[in-house]
Amino acid sequence: MNLLKEQTVTTIDELYCNIDDFNKIFYAEWEKTLLESGEKKRRRKGVMSPSELMTILIYFHQSHYKDFKNYYLGHVHQHLRSEFPKLLSYTRFLGVMSSVLVPLCTYFTHCLSQLGLLLLMRPV
């Protein structure tokens, strides 16, 4: 069980770094597989990075808050401004949240596979 504790992310900075490292690889590979229709599409970068969005979402599930609105307005906006200097309004955050659904699910799958490998390698 020691291996699992070593892999546990404890701070928001560690969580962000872990997600950002994953996203650098994920987005590079994902871009290769996307099909294009030939139409020009805007691909502007958002104010907040996908890693920041995912960090806030995952950190919410690790918090004691029961609903996201109170967490975002009461905790993120008041206590995490230094970690996320370009915070979006609550309504805008909800609007862009769906843009990280695929990377978020892939990240969770990646974490579960890492956990499975650690359990297999653990001495009995």
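Close amide H partners of S63, meaning residues 5 or more places away or on another chain with modelled amide H under 5 Å apart, do not exist here.
Once the chain from E14 to Q78 is taken as fully extended at 0.36 nm per residue, the excess over their C-alpha distance is 21.0 nm. Taking 25 °C and 0.890 mPa s as conditions, segment 45-120 diffuses translationally at an estimated 182 µm²/s according to Stokes-Einstein applied to its Kirkwood radius (Cα pairs). If the segment from K45 to Q62 were pulled out straight at 0.36 nm per residue, it would be longer than the present Cα-Cα gap by 3.4 nm.
The numbers here are math on the coordinates, done by the rules we state, and not lab data. A quick note: this is a predicted structure, and the numbers were derived from the prediction, not measured.
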